[in-house]
Amino acid sequence: MKLKKSLKDRTCSNCREPISKGSLYGQRSKTLISDSKGQCIGTEYRKEYAFPLRISRKYDYCERCAL
């Protein structure tokens, strides 16, 4: 995992230790929901109005947990 400098205060997703501004951290995203068929707004599914749905979340890791 590539490490970069933090521009704000963060919390490690693994060990819950604070990541201070200016220290190194790693970031990884995880897909929570993925529907390639698509979703429609409303009650009826119509393919021409469907759009793919993907919801993901970013997780921050301190320098020790990222290695």
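Results for (1) modelled with pLDDT of 95 or more; (2) open to solvent by 50 Å² or more (accessible area, probe 1.4 Å), shown as yes or no for each residue.
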position: 12; (1), (2): yes, no
position: 16; (1), (2): yes, yes
position: 20; (1), (2): yes, yes
position: 32; (1), (2): no, yes
position: 37; (1), (2): no, yes
position: 43; (1), (2): no, yes
position: 49; (1), (2): no, yes
position: 60; (1), (2): yes, no
**Complete:** For residue 7, the lone unmet condition from (1) among the aliphatic types (A, V, I, L, M); (2) under 16 Å from the mean Cα position of the chain (by Cα); (3) open to solvent by 60 Å² or more (accessible area, probe 1.4 Å) is (2)
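The values are calculated or read from the model by the stated rules, or taken from the named source; none is laboratory data. For clarity, every value in this text was computed on a predicted model and none was experimentally measured. Accessible surface is based on the protein model in full, side chains and every heavy atom, while ligands, DNA and RNA are left aside. Shrake-Rupley method; radii C 1.70, N 1.55, O 1.52, S 1.80 Å.
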